[in-house]
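Participant: Pasting in a structure now, in structure tokens, and then I'll have a few things to ask.
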Amino acid sequence: MKSSSEDDVRRSVQPQAAPMRRSLFRKYFLAFFAAVIVPLVVSGIGDAWFGYREQRSMLSALLRVEATSAAHKIQSFLDGIRDRLGWTVQQAWTADAEGHRLDALRVMRQAPAIVSITLIDDVGAERLHISRIDLNRMEGGLDRSGDPAVVGVRSNGMWFGPVTFRDGSEPFMTMAMAGNRKASGIVVAEINLKLVWTVVSEIRVGSRGRAFVLDQTGRLIAHPDISKVLQGTDEKTAAAYTRLRDEIAAAGGEATTARNAENEPVVTAMAAIPNLGWTVFVEQAQAEAFAPLYASLWRTGGLLFAAAVFAAALAYWLAKRMTGPIRLLEEGTEKIGAGQFEHRIDIATGDEFERLADRFNEMARELAVSRDRSERIARLKRFLAPQVAELVERSGDESVLAGQRAEVVAVFCDLRGFTAFSAHAEPEEIMQVLREYYEALGAIITRYEATLTNFAADGLMVLVNAPVPCADPALRAVEMAIDMQDDIQRLIAEWRLRGHAIGFGIGLAMGWATVGRIGYEARVDYTAIGHVVNLASRLCSSAADQQILVDHAVAQSVRGEILLVALGPRRLKGFDEQIPAWKVGTRSGRSNGVHEPIEGLNG
């Protein structure tokens, strides 16, 4: 039979199934995600943000440089023509007309973009007209005072006409200016703006960037695709260009992201040509402008994906590496919890798992030792007091339980009238009486560290001074018997109230006997065999209720310590001659030192 302490140990190591809230793979993946992927995401967002700002700043600078350069070239082109036209209005018309003609021809030779030059005197009459494509006229005398060019010059000193397209192919513009003196008149020149188209066509920003020029009304006057210029600018397109110009102006001249007239997302910058009211735009498609940034984002996304795959693979590998030992540990704890203390957990990982497995194996060995010890103690406690059993087990020497000769005090006790009581009482009542009876006696036997060898029904046998010797065994046995009698008499008083006529008697004898274990492998008892055992048993049978009878050896050993009353010789069953007996007195008589004469103890 297993002891209760072993059951407690087994329950303590029995694994308790707990619901698994999250797997190791998920925990490891989340940990690696937080440790690797989150920093990559934060770094990628930071790089994208700062990269976007740097790229946009660089694009703004580049586009503004290109727009400013184009505007400067167009302005320089027109300024050069203006300076050359100034030579034609330096002389007053009172001079020779041939000189004016030569000046005009020289200017046209130096400025191929000038298609025609018309000189008008101070009263608005045409005096000279020289053209590359029309007939020349000298002293035509046409009244030009109402021409927009003449009116504009007289108001501002300089006038630029709108851009027109001759024969639907090339752009032209009229420029007019007055001389330093009124008498010098006015020069009106028609200029081929093909150079402006050349300037915007040569601007390249990336592979898809382009430049174009708008006049002050939002009309497209120069574009790399000349067909867009020739188609003209409708109101919707002009409004789109005007809105684009306003957005850039609101951004302080910095390049901005917007949608062009074709509703394409672009990054664009502009530069103004103040004298003409024109605006040069340079734009680049956002997809191309931010291609390096998009490539960086794709690289970051690829790294994030690779990091996620790596984190998942690493988490799976670690979880797989841990679940194997954990499963072995779990199976081991189940077997150890089931009492298989010989089971060993074999883990050779060289890390904490191996160390934990070693600890479990050590625990199993200790539990096996504890089980064996508990079983030994359980066997010993069947006939020894618990503290005596602990002492024998702790010393590890069970030789004291082997058969040997020893001087012992045998104590027998049983209930008087128990047979008649059990014949009429209910089984439950009988068991209740016996339970109270043995609980009271067991506590006293344990307290006096005596050895309970056996009990049957209402009778039991106790040894004192075996297997563990003690001082004054007779005195200890008598004091134990007195405590037994006192406690049982209190129980008897309660039983009698319940209608049970029961008494209690005790017999003690001291002498030499053979003591030791007796029985077979499945059941072993510790007992004593000899004359002293039979004598104590017969004295118990002879004792009346409330009596404690002792033999001559016990009486002689406790002389002067315990109050004894000589009862004289008695004939006991199984003995040929009469045996002298003594009755143990009460504790009150012992405490005041009054002793009756004990006959036969002095020889």
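The values are calculated or read from the model by the stated rules, or taken from the named source; none is laboratory data. Since this is a predicted model, take the numbers as computed values, not measurements. All Cβ positions, even for glycine, are placed from backbone atoms using ideal geometry, and neighbour counts span all protein chains on display. Heads up: the accessible areas ignore ligands, DNA and RNA and are worked out on the full protein's heavy atoms, side chains in. Shrake-Rupley method; radii C 1.70, N 1.55, O 1.52, S 1.80 Å.
Participant: Take the alpha carbon atoms of segment 248-290, find their radius of gyration, then divide it by 2.2 N^0.38 Å using N residues; give the quotient.
Facilitator: Normalised by 2.2 N^0.38 Å, the Cα Rg of segment 248-290 equals 1.21.
Participant: Continuing with the same structure: Quick check on segment 405-471: take the gyration tensor over C-alpha atoms, sort the square-rooted eigenvalues as a ≥ b ≥ c, and tell me if it's rounded (a/c under 1.5), prolate or oblate.
Facilitator: The shape class here is prolate.
Participant: Using only the alpha-carbon atoms, how far is helix 531-542 inclined from the longest principal axis of the chain? Give it as 0 to 90 degrees, nearest 10.
Facilitator: With rounding to tens, the tilt is 80 degrees.
Participant: Antiparallel DSSP bridges in the chain: what percent, to the nearest 5?
Facilitator: Antiparallel bridges: around 95 percent, rounded to the nearest 5.
Participant: Still on this structure, please answer the following. When we measure straight from the Cα of K194, which aspartates and glutamates land under 12 angstrom away, once same-chain ones fewer than 8 places off are left out?
Facilitator: Qualifying aspartates and glutamates at Cα under 12 Å: E170.
Participant: Let me have the 222 nm mean residue ellipticity of the chain computed from DSSP H runs of 4+ only, each contributing -39500 (n - 2.57), with the sum over all residues rounded to the nearest 500.
Facilitator: Helices in the chain give a 222 nm mean residue ellipticity of -16000 deg cm²/dmol.
Participant: Oh, and also: Taking the Cα atoms of segment 463-508 alone, what are Rg (to one decimal) and Dmax (as a whole number) in Å?
Facilitator: 14.1, 42
Participant: Next up: Please give, to one decimal in nm, the separation of the simple spin-label points placed at S201 and A97, each 7 Å out from Cα toward the Cβ.
Facilitator: For the pair S201/A97, the computed spacing is 4.0 nm.
Participant: Can you give me the % of accessible surface on the chain that is carbon or sulfur? Probe 1.4 Å, all protein chains present, nothing else counted.
Facilitator: The C+S portion of the solvent-accessible surface of the chain is 54 percent.
Participant: Hey, another quick one. For a Förster distance of 51 Å, can you work out the FRET efficiency between the beta-carbons of K573 and V369, rounded to the nearest 0.05?
Facilitator: FRET efficiency, K573 to V369: 0.55.
Participant: Dividing the Cα convex hull volume of segment 27-108 by residue count, how many Å³ per residue is that?
Facilitator: It comes to 74 Å³ per residue, whole-number rounded.
Participant: Is segment 214-281 best put as rounded, prolate or oblate by its Cα gyration tensor, with a ≥ b ≥ c the root eigenvalues, rounded for a/c under 1.5, and otherwise prolate when a/b is larger than b/c, oblate when not?
Facilitator: oblate
Participant: Another one. Do any trypsin sites (Lys or Arg not before Pro) in segment 131-162 lie in a loop, going by DSSP, with at most 10 other beta-carbon atoms within 10 Å of their beta carbon, and if so which?
Facilitator: Here no trypsin sites (Lys or Arg not before Pro) fit, given the DSSP loop and packing criteria.
Participant: Sticking with this one: At most 15 other Cβ atoms within 10 Å and a DSSP loop assignment: could you name the GluC sites (Glu not before Pro) in segment 119-199 that fit?
Facilitator: Qualifying residues, ordered by number: E139.
Participant: Applying 1/(1 + (r/R0)^6) with R0 = 41 Å to the Cβ-Cβ distance of A183 and T217, what FRET efficiency is obtained, to the nearest 0.05?
Facilitator: Efficiency, rounded to the nearest 0.05: 0.70.
Participant: Right, here's the next one. For segment 171-263, what is Rg from Cα atoms divided by 2.2 N^0.38 Å, rounded to two decimals?
Facilitator: Output field value: 1.36.
Participant: Let me ask something else about it. Can you tell me how much longer the chain between A306 and K335 gets when fully stretched, taken as 0.36 nm per residue apart minus their C-alpha distance, in nm with one decimal?
Facilitator: 6.1 nm is the gain from fully extending A306 to K335.
Participant: Right, another one. Measuring with a 1.4 Å probe in the full set of protein chains, what accessible area per residue, in whole Å², belongs to the chain?
Facilitator: About 52 Å² of surface per residue is accessible.
Participant: Let me ask you something else. Along the charge dipole of the chain, pointing to its positive end and built from +1/-1 on Cβ of Lys, Arg, Asp and Glu, which listed residue (G218, W298, Q55) has its Cα farthest out?
Facilitator: So the residue we want is G218.
Participant: Next question. If r is the Cβ-Cβ distance from K236 to R53 and R0 is 30 Å, what FRET efficiency results, to the nearest 0.05?
Facilitator: 0.35
Participant: Enter the angle in degrees (range 0 to 90, nearest 10) between the Cα long axis of helix 473-497 and the first principal axis of the Cα atoms of the chain, meaning the one along which they spread out most.
Facilitator: Relative to the chain, helix 473-497 is tipped by roughly 80 degrees.
Participant: What does the C-alpha gyration tensor say about the overall shape of the chain? Classify as rounded when a/c is under 1.5, otherwise prolate if a/b is larger than b/c, or oblate.
Facilitator: Taking the square roots of the gyration eigenvalues as a ≥ b ≥ c, the chain is prolate.
Participant: Which residues in segment 270-296 have a backbone N closer than 18 Å to a point placed 7 Å from the Cα of S69 along the Cα-to-Cβ line?
Facilitator: 270-273, 280-285, 289
Participant: Using alpha carbon centroids, what distance separates segment 483-515 and segment 73-115, in Å?
Facilitator: So the separation of the two Cα centres works out to 154 Å.
Participant: Please report, in debye to the nearest 20, how large the charge dipole of segment 483-579 is about its Cα centre when each Lys and Arg carries +1 at its beta carbon and each Asp and Glu carries -1 there.
Facilitator: 240 debye
Participant: Now for a different question. Using the Karplus curve 6.51 cos²θ - 1.76 cosθ + 1.60 with θ = phi - 60°, what ³J(HN,Hα) values do you get for each residue of segment 43-48, in whole Hz, with x for Gly and Pro?
Facilitator: Running phi through 6.51 cos²θ - 1.76 cosθ + 1.60 with θ = phi - 60° gives 5, x, 5, x, 4, 5 Hz.
Participant: Below 8 Å between Cα atoms, with a sequence gap of 6+, how large is the relative contact order for segment 261-309 in percent?
Facilitator: 28 percent
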